[in-house]
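Right, one structure below, let's go through it.
Coordinate-derived values only; no laboratory data. As the structure is a computational prediction, the values presented were derived from the model and not from experiment. Note that each Cβ is placed from the backbone with ideal geometry, even for glycine, and that neighbours are counted across all protein chains shown.
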């Protein structure tokens with residue numbers, strides 16, 4: 001079992017938030033620390049004015065069945081799963097300071113689920129020996 | 001006699017049943033028996049993995065009519 005999970009959340013498509021939520025919650029359940037680094041197209045979804053992520057057009061035929069199946073299982077939204085994971089275990093969500101600057105975002109623009117705005121050096125040294133997952 | 005808690009996670013999908021178990025586990029005192037009912041087909045190997053990782057004991061693990069019943073003794077807390 002690894003020391004922890006370092007999840008680099010780069011994508012912004014709706015379906016990518018499902019593995020983010022499930023992997024984070026599972027690690028928290030197992031007592032494995034998780035550090036999420038939000039960058040790239042994922043950043044807008046971690047701000048106070050977060051839009052609703054959209055599914056990839058290529059797989060749109062599958063989306064109605066996916067949503068119906070998730071509704072039947074009463075699956076919570078990715079955001080609520082992530083929030084619960086933070087309450088369950090050692091989970092921290094960091095926003096990439098470079099991407100924030102590029103997009104003109106300040107700390108006060110970020111969603112409360114975000115712990116801090118940090119650079120890549122901080123993230124790398126704080127996740128040394130962790131298993132890296134790029135989403 | 002040790003305290004017994006039942007967690008009904010029937011109808012929930014992965015990682016819901018383990019999350020619900022962990023929620024109860026966090027509040028439980030050592031020695032407590034936690035009974036989990038789940039229909040998630042992945043629950044059996046998941047609960048075994050969870051117990052092994054967290055140092056808790058599985059007292060019972062059985063499936064009947066599509067419902068998996070796991071009884072865990074809280075031994076992973078100091």
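For the peptides A:20-31, B:44-55, A:79-90, A:110-121, what is the packing order when you average, over each peptide's residues, the other Cβ atoms within 10 Å and list the highest mean first? The partial results should precede the final answer.
Working: A:20-31: 22.8, B:44-55: 16.4, A:79-90: 18.4, A:110-121: 14.7.
Output ranking for A:20-31, B:44-55, A:79-90, A:110-121: A:20-31, A:79-90, B:44-55, A:110-121.
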(message) With both bridge residues required to lie in region A:5-134, what share of the DSSP beta bridges run antiparallel, to the nearest 5%?
(response) 5
(message) If each DSSP helix of 4+ residues adds -39,500 (n - 2.57) and the sum is divided by the residues in the protein assembly as shown, what number results at 222 nm, nearest 500 deg cm²/dmol?
(response) -10000 deg cm²/dmol
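Roughly what percent of Cα-Cα pairs across chain B reach past 19 Å? Before the final figure, lay out each step's value.
On the way: 732 of 3003 pairs.
Tail of the P(r) past 19 Å holds 24 percent of the pairs.
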(message) For Cα pairs less than 8 Å apart in space and 6+ apart in sequence, what is the mean separation divided by the residue count of region A:5-134, i.e. the relative contact order in percent?
(response) 38
(message) Angle check, please: helix B:43-54 long axis (alpha carbons) against the longest principal axis of chain B (alpha carbons), in degrees 0 to 90, nearest 10.
(response) 20
(request) Would you compute the Debye intensity of the protein assembly as shown from its alpha-carbon atoms alone, equal scatterers and no solvent, and pass along log10 I(q)/I(0) at q = 0.09 Å⁻¹ to two decimals? (result) -0.40
(message) How much length would be gained if the chain were fully extended between residue A:79 and residue A:128, taking 0.36 nm per residue of separation minus their Cα-Cα distance, in nm to one decimal?
(response) 15.0 nm
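Rounded to the nearest 0.05, what FRET efficiency do residue B:78 and residue B:23 have when you use their Cβ-Cβ distance and R0 = 22 Å? Could the numbers behind the result be given before it?
Details: r = 20 Å, r/R0 = 0.90.
Computed FRET efficiency for residue B:78 and residue B:23 comes out at 0.65.
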(request) Please work out how much length the chain gains when fully extended from residue B:57 to residue B:69, using 0.36 nm per residue of separation minus the C-alpha to C-alpha distance, in nm with one decimal. (result) 2.9 nm
(request) For an R0 of 45 angstrom, estimate the FRET efficiency from the Cβ-Cβ distance between residue A:102 and residue A:71 and round to the nearest 0.05. (result) 0.80
(request) Extending each Cα 7 Å along its Cβ direction at residue A:41 and residue B:3, get the distance between those two points in nm, one decimal. (result) 4.8
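Taking 25 Å as R0, compute the FRET efficiency from the Cβ-Cβ separation of residue A:18 and residue A:116 and round it to 0.05. Write out the running numbers ahead of the final one.
Working: r = 25 Å, r/R0 = 0.99.
The computed FRET efficiency comes out at 0.50.
Take peptide A:24-30, look around each residue's Cβ out to 10 angstrom, count Cβ atoms belonging to other protein chains, and average those counts.
Details: counts 1, 6, 7, 1, 4, 14, 9.
Averaged over the peptide's residues, the number is 6.
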